[in-house]
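Below: one structure, written as structure tokens.
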Amino acid sequence: MARKTEMSGEALAALLRSDAGLEVLEAIIGQAKPRWWKQFARTIEISRVRKAQDEARLRLERLERELDV
């Protein structure tokens, strides 16, 4: 038997402000994809790709420095 619980607005806000906030928001949105969500999701993906590029650049620089030693 499934048990349903209520969450206060304050508790939800705290979750959204946490490091898990994006995952919480994605779970809340679920399959309902309002128009603004597509643009928001793209912005998040761009951020993730840029972070991966930065990490790859730093790794490449480290490897190149090791060649010079």
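The values are calculated or read from the model by the stated rules, or taken from the named source; none is laboratory data. Since the model is a prediction, treat every value here as computed from it, not as a measurement. For neighbour counting, all protein chains shown are included, and Cβ atoms are generated from backbone atoms with ideal geometry for every residue, glycine included.
ASP19 meets each of the listed conditions (1) surrounded by 10 or more Cβ atoms within 10 Å (Cβ to Cβ); (2) free of Cβ contacts under 8 Å to residues at least 12 places away in the same chain apart from (1). Check whether at least one residue in region 2-15 is at pLDDT 95 or above, basic (Lys, Arg) and either within 14 Å of the chain's Cα centre (by Cα) or not in a helix (DSSP H, G or I) (or both), and report yes or no. Checking region 2-15: not a single residue is at pLDDT 95 or above, basic (Lys, Arg) and either within 14 Å of the chain's Cα centre (by Cα) or not in a helix (DSSP H, G or I) (or both).
For region 28-37, the set of residues classified as of a type outside the set (Val, Ile, Thr) and surrounded by 10 or more Cβ atoms within 10 Å (Cβ to Cβ) consists of LYS33, TRP37, listed by residue number.
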